[in-house]
Amino acid sequence: MWDETVEHLKSWKTAVPDLPEVNFDLTPEIAFNEIKDLSVAVFRKLLSNDEVYNQILLTLFPESKTLRLLLNYFKNKELPIYLKLSELLEKRLR
């Protein structure tokens, strides 16, 4: 399913001349402020799923600038659930 979706998006990208920018690392602070308050459950699902992380998050945040801001945010929360998220994200960023 993912392969078909990716192939469709690639062909669609060449057919549509003015695609919106999907590299949210171009403005990491803005992207961070938009997503930092998502629920813990959403972040856990995004960070725990290899396909979602590798094929979606790394596409949206290719330089990991926004993800590093999230990592610092999670670490500064100092609550067990956020520390778990920081561990998940830190492993992904290595």
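Where in the range 49-73 does the label zone of Lys36 land, with the point 7 angstrom along Cα→C-beta and an amide N cut-off under 14 Å?
66-73
Once both labels are modelled 7 Å past Cα along the beta-carbon direction, what's the Lys77-Tyr53 spacing in nm?
My value for the distance between the label points is 1.6 nm.
How compact is the chain by the rule of thumb for globular proteins, expressed as Cα Rg over 2.2 N^0.38 Å?
1.18
Just so you know, all these numbers are worked out from the coordinates, no wet-lab data involved. Predicted model, so just to flag it, every value in this text is computed and none were measured. Cβ sites come from the backbone with ideal geometry, for glycine too, and all protein chains shown count toward neighbours.
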